[in-house]
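Q: Let me begin by handing over the structure; questions about it come next.
What follows draws every value from the coordinates through simple rules; no lab data is involved. The shown structure was predicted, so the numbers you read here are calculated from the model rather than taken from an experiment.
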Amino acid sequence: MRKRLGLVLSMVTSVLVGCGASHPSPLNQDKSLLTWNAAKHEVRWKVVAGDGRANGGMNFDGYANGSMTLVVPIGWRVVIDFDNASLMPHSAMVVPYGDRERSNFDATMVAFPGAETPNPSQGDPQGTHRDVIFTAAKVGTYALVCGVPGHALAGMWDQLVVSDEAKHPSLRVQRDS
């Protein structure tokens, strides 16, 4: 009887938590990836390409398919502290949100001057570090993508929101449960 009750309770609990379905957990702040200087209106976003196995390694900081969102006040200088931890080449570039799931990118598609690593369609090898520096000059929703062909299409993209209402930067992350 006790085993049966335990089994029933286990099944009910599984149903209540979604049986491991990919329902997203609530948005949380991830402060370890973000620092800023309000006096200088500058934000530094630590971005590691291929950080772990999430999404088959096609991720930034372990997040993919838009599950990480940086919100920046308009006019702030953004420094993306980019590192490639993956064995395959990766890049980083900010593009209009509607272009986030393309199969190919080139430097002409960048949303802000300077908002890309060099040669985004070729990417950089493992161990490469780049500072990507630009000014978030226009309100809107954009995407940080890997410009290597097929990578963004495979989910290697996250979001950048430039806001005229935000008082300071914030980084929200959403993990699948």
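Q: What list of ³J(HN,Hα) couplings, whole Hz, do you get for the stretch 42-53 from phi and the Karplus terms 6.51, -1.76, 1.60, once you set θ to phi - 60° and write x for glycine and proline?
A: 10, 10, 10, 10, 7, 10, 10, 7, x, 8, x, 8
Q: How much of the DSSP beta bridge set in the stretch 22-177 is antiparallel, as a percent to the nearest 5?
A: Roughly 70 percent of the beta bridges in the stretch 22-177 run antiparallel, per DSSP.
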